[in-house]
Amino acid sequence: PMTHVRNTAGNWITQGILQQERKIAGRFFSDATQTGGVSEFEDIAKAYGRSQAASEMWAAIGRELADGKMPTIKNQMSGSKIEVRPNKASAEHFGMKEGGLATGVDVLGNILTLGRIPTKMLTVSDNYFKNLEYRSEIYALAYRETVELVQSGAVTKANAAEYLANRVVNPPEAHVKRAMEITLESTFQTKLGTRGDLLDMGAGLQKMKSKAGWFTFISNYYLPFIQTPANVVGMTMERTPGLNMILSSYRNDLSGANGLAAQQLAKSKMATGSLFYLTVMGMTFGKPFGVDTTGTSPEIGMNFKNKYNKSDMKKLLGIQSGTINIPYGDETLQINLTGNDPIAMAFRQASDLASIMQYGFKDNDQAKDFLNMLTAFSLSVGENIGSSTFMAGVGKAVNDYQNY
């Protein structure tokens, strides 16, 4: 159940971020004198398309529930978060002929997989959010094109509504392709090898996993997901000032090499990320009303000079990773954001950055001190990636190695 809750929350948060970035791009970075850019108020067209898709899907879900059927939602593109092949716990998969033993295997497989209902529910949820983002982008692109044609005089204001409606119903190939790209980005399903940055290295892990043969169960245990976490990391990095410049795909967008709209949206990502980081870091520095934040606690190593095991110290002090800490009488209420990626990852990183920077104001002015802070930041980045819900396999590998 928690997997479904986190998946749903993560999708809502991500699509909310993309919606706000479109608003920022249209309001602060739009340029009516140039073509190909984000249009002012384009975010409203995007929101309207999303609401239309939601209304239609909920109506369909209601009809299927009324008929006593499990709701199904078809998406308009391929791809899924699920990286294991279905129907493996069946007699057919093991090449068994019909008979009592084969029937027993099918019944046992059905019990062990709970009739694949959890997987089906994940697929339904995944398709729901894909359709929301896809339709919203089709509306946004149709609106952008219509506004440009009205401004150039190619389409009159009187005919604008009819032209826009036609572009929504019959979108050109370029619009469909772009809408699919945005949709896959919003659900962290951009295919590795097509991103155009260093995270494409994950495609090599996918190939290694697919060729594991009899050792598939081991690779699925340690690497249950590859594509999703790589894209979560990518989305977080794109909105982290400084780290985003490591990604060549982001640098190309920011320079304008991929067009005016991509450049405007890259600026929006920078603005959104900066505001988020400043907010979380401000809470860590200023502690307004006693409220502060905790990332992966890099300060433990500094305060205790690395003499003790960090995880043991966190347990002793009652510290969790990625929390908003609110005073509540003599106790502290901790709101844990773990699992709500990409927000959780960015939140931990911002909190860690603020904790590390505070040591720069405490007589740490020697070269060795700066090296220690840089090392702490590097370790923080690695721990944030490793502590992501999607990277649970990394934690398993480390624990198994240490136990061994």
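Things worth noting here:
- Evaluation of Gly259 against (1) free of Cβ contacts under 8 Å to residues at least 60 places away in the same chain; (2) surrounded by fewer than 18 Cβ atoms within 10 Å (Cβ to Cβ) (one fails), failing number: (1)
- Only residues that are among the aromatic types (Phe, Trp, Tyr) and farther than 20 Å from Ala266 by Cα were counted in the range 18-54, giving 1.
- Within the range 347-387, being among the hydroxyl-bearing types (Ser, Thr, Tyr) and either farther than 14 Å from Ile300 by Cβ or at pLDDT 80 or above (or both) holds for Ser351, Ser355, Thr375, Ser378, Ser380, Ser387.
- Residue under evaluation Ile246, criteria (1) open to solvent by 70 Å² or more (accessible area, probe 1.4 Å); (2) at pLDDT below 90, criterion not met: (2)
- Residue pairs whose Cβ atoms lie under 7 Å apart, sitting 6 or more positions apart in sequence or on different chains, and linking a residue in the range 134-156 that is under 9 Å from Val168 (Cα atoms) to a partner that is β-branched (Val, Ile, Thr), are Ile138/Val168; Tyr139/Val168; Ala142/Val168.
- Apart from one condition, Val232 fits all of (1) surrounded by fewer than 22 Cβ atoms within 10 Å (Cβ to Cβ); (2) within 18 Å of Arg348 (Cβ to Cβ); (3) in contact with a Pro (Cβ under 7 Å, 6 or more places away or on another chain); (4) aliphatic (A, V, I, L, M); the exception is (1).
- In the range 334-355, the residues that are β-branched (Val, Ile, Thr) reach residues that are open to solvent by 10 Å² or more (accessible area, probe 1.4 Å) with C-beta atoms within less than 6 angstrom, at least six apart or across chains, in these pairs: Ile335/Ile324; Ile343/Ile13.
- Residue count, the range 206-226 (criterion: touching a residue at least 12 places away in the same chain (Cβ under 8 Å) and either open to solvent by 70 Å² or more (accessible area, probe 1.4 Å) or within 16 Å of Lys396 (Cα to Cα) (or both)): 7
- Enumeration of residues in the range 317-338 that are touching a helix residue (DSSP H, G or I) at 6+ places or on another chain (Cβ under 6 Å) and open to solvent by less than 10 Å² (accessible area, probe 1.4 Å): Gly322
- So Leu132, is it surrounded by 12 or more Cβ atoms within 10 Å (Cβ to Cβ) and either at pLDDT 95 or above or outside any helix (DSSP H, G or I) (or both): no
- Subset of the range 270-293 that is open to solvent by less than 20 Å² (accessible area, probe 1.4 Å) and touching a strand residue (DSSP E or B) at 6+ places or on another chain (Cβ under 8 Å) - its residue that is nearest to Ala174 (Cα to Cα): Val280
- Candidate set from the range 25-52 (those that are among the hydrophobic types (A, V, I, L, M, F, W, C) and surrounded by 20 or more Cβ atoms within 10 Å (Cβ to Cβ)); member that is farthest from Ser136 (Cα to Cα): Ala25
- Of the numbered criteria (1) modelled with pLDDT under 80; (2) surrounded by 14 or more Cβ atoms within 10 Å (Cβ to Cβ), the one Leu18 fails is (1).
Matching residues to (1) among the small types (Gly, Ala, Ser); (2) within 21 Å of Asn131 (Cβ to Cβ); (3) in a helix (DSSP H, G or I); (4) at pLDDT below 85:
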{"position": "Ala9", "(1), (2), (3), (4)": "yes, yes, yes, yes"}
{"position": "Lys23", "(1), (2), (3), (4)": "no, no, yes, no"}
{"position": "Asp31", "(1), (2), (3), (4)": "no, no, no, yes"}
{"position": "Glu40", "(1), (2), (3), (4)": "no, no, no, no"}
{"position": "Lys46", "(1), (2), (3), (4)": "no, yes, yes, no"}
{"position": "Glu56", "(1), (2), (3), (4)": "no, yes, yes, no"}
{"position": "Lys69", "(1), (2), (3), (4)": "no, yes, no, yes"}
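- Residue that is nearest to Ile17 (Cα to Cα), among those in the range 227-256 that are among the hydroxyl-bearing types (Ser, Thr, Tyr) and either assigned to a helix (DSSP H, G or I) or without any contact (Cβ under 8 Å) to a residue 60 or more places away in the chain (or both): Thr236
- Only one entry of Lys267, Lys314 meets the criterion of being among the basic types (Lys, Arg), open to solvent by 20 Å² or more (accessible area, probe 1.4 Å) and modelled with pLDDT under 85, and that entry is Lys314.
- Only a single item in (1) within 23 Å of Glu185 (Cα to Cα); (2) surrounded by 12 or more Cβ atoms within 10 Å (Cβ to Cβ) is not met by Val5, and it is number (2).
- Members of the range 161-205 that are of a type outside the set (A, V, I, L, M, F, W, C), open to solvent by less than 60 Å² (accessible area, probe 1.4 Å), in contact (Cβ under 8 Å) with a residue 40 or more places away in the chain and in a helix (DSSP H, G or I): Thr183, Glu185, Ser186
The values are calculated or read from the model by the stated rules, or taken from the named source; none is laboratory data. Because the structure is predicted, anything quoted here is derived from the model rather than measured. No Cβ is skipped: glycine too gets one built from the backbone with ideal geometry, and neighbour counts run over all protein chains shown. The accessibility values were calculated without ligands, DNA or RNA, using every heavy atom of the protein model including side chains. Shrake-Rupley method; radii C 1.70, N 1.55, O 1.52, S 1.80 Å.
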